[in-house]
Amino acid sequence: MARLPRLVIPQQPHHVIQRGNDRQLIFRDESDYSLFLGWLRESANQFNVAIHAYVLMSNHLHLLASPSDLVGLGRMMQWVGRHYVPYFNHKYERSGTLWQGRYKTAVIDSERYFLTCSRYIELNPVRAGMVLNPAEYAWSSYQHHIGLRTDPLITDHPLYWALGNTPFEREAAYKALAEQALTTDELTTMRKSTVNGWAIGSDKFQTQLEKLAERRVTPGKRGRPHKQAKSI
């Protein structure tokens, strides 16, 4: 079966995953992380993509981003790769691809899943056993969201602003949310949907997307369609 084109909806949040080829390291020291973030910020500005949350792990990365048009997200990821991969290959005396195929993305239903997705991304280092508290991890947007620093890469989403009337209220509310463990169903939904490129949201949201995109945005039912009984 032919692969469906990547689903991109302007002005809608997308969960993006990019992995290292064969799970190899894509960041080895602090300068790697810093340079990647600098190029990501430059390309996000250039192609009008708002980055709401991110985490850079040693062998993969996650973004929560809203493109302003159909092509900006893809161009941003391509531009970053064209700068970062030659840098990385030259520095570590390697050649060839760094990424494991195309980046993966899923359109997010803002009202139901935006904050869930943001927490899913920023809690990655905790689930991986790298830190006990997400605030201890330097290469994510979590410190920005709880007020420990201002991250110039981040464009706060209206749903984050709605958490409180003041910065302190928003930061405290977000921290309280992050302290609530994600359910097994939430973790499974985030993982499977993003890897397979399916929309994450309510039935109503998915139906609206299918009409807008004129294509399926959820998995098809397995097995052959049932045959209708012949009238006698």
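Every number here is computed from the coordinates shown, using simple stated rules; none is lab data. All values reported here derive from a predicted model rather than from experimental measurement. Methodologically, a virtual Cβ is constructed for each residue, glycine included, from the backbone with ideal geometry; neighbour enumeration extends over all protein chains shown.
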So what is the calculated 222 nm ellipticity per residue for the chain, using -39500 (n - 2.57) for each DSSP H run with n of 4 or more, over all residues, to the nearest 500 deg cm²/dmol? -12500 deg cm²/dmol
Please give me the summed charge of the neighbours of SER58: other residues whose Cβ is under 13 Å from its Cβ, Lys and Arg +1, Asp and Glu -1. 0
Neighbour net charge for LEU187 - beta-carbon separation under 14 angstrom, K R +1, D E -1: +1
Using a Gaussian network model on the chain with a 10 Å cutoff between Cα atoms, which of GLY129, GLY101, GLY38 fluctuates the most? GLY129
Counting other beta carbons within 10 Å of each residue's own, what order do THR105, THR188, THR150 fall into, fewest first? THR150, THR188, THR105
Distance in Å, no decimals, from the C-alpha centre of the stretch 182-196 to the one of the stretch 90-133 is 13
Relative contact order for the chain: what is it in percent, counting Cα pairs under 8 Å that are at least 6 residues apart? 24
Going residue by residue through the stretch 44-49, the Karplus relation 6.51 cos²θ - 1.76 cosθ + 1.60 with θ = phi - 60° gives ³J(HN,Hα) values, rounded to whole Hz and with x marking Gly or Pro, of 4, 5, 5, 10, 6, 10
Against the longest principal axis of the chain, how steep is helix 203-213, in degrees 0 to 90 to the nearest 10, with axes from Cα atoms? 90
Using alpha-carbon positions, the gyration tensor of the chain gives root eigenvalues a ≥ b ≥ c; with a/c under 1.5 called rounded, otherwise prolate if a/b exceeds b/c, else oblate, the class is oblate
Along each of the three principal axes of the Cα atoms of the stretch 71-161, give the extent in whole Å, ordering the values from largest to smallest. 42, 33, 24
In nm, give the distance between the simple-model label positions of LEU187 and LEU132, each being 7 Å from the Cα along the Cα-to-Cβ direction. 2.0
Ranked from fewest to most other Cβ atoms within 10 Å of their own Cβ, ARG23, ARG119 fall in the order ARG23, ARG119
Looking only at Cα atoms, what is the convex hull volume of the stretch 167-212 per residue, in Å³? 116
Pick from LYS211, LYS175, LYS104: which is most flexible by mean-square fluctuation in a GNM of the chain where alpha carbon atoms under 10 Å apart are linked? LYS211
Within the chain, what percent of beta bridges assigned by DSSP are antiparallel, to the nearest 5? 90
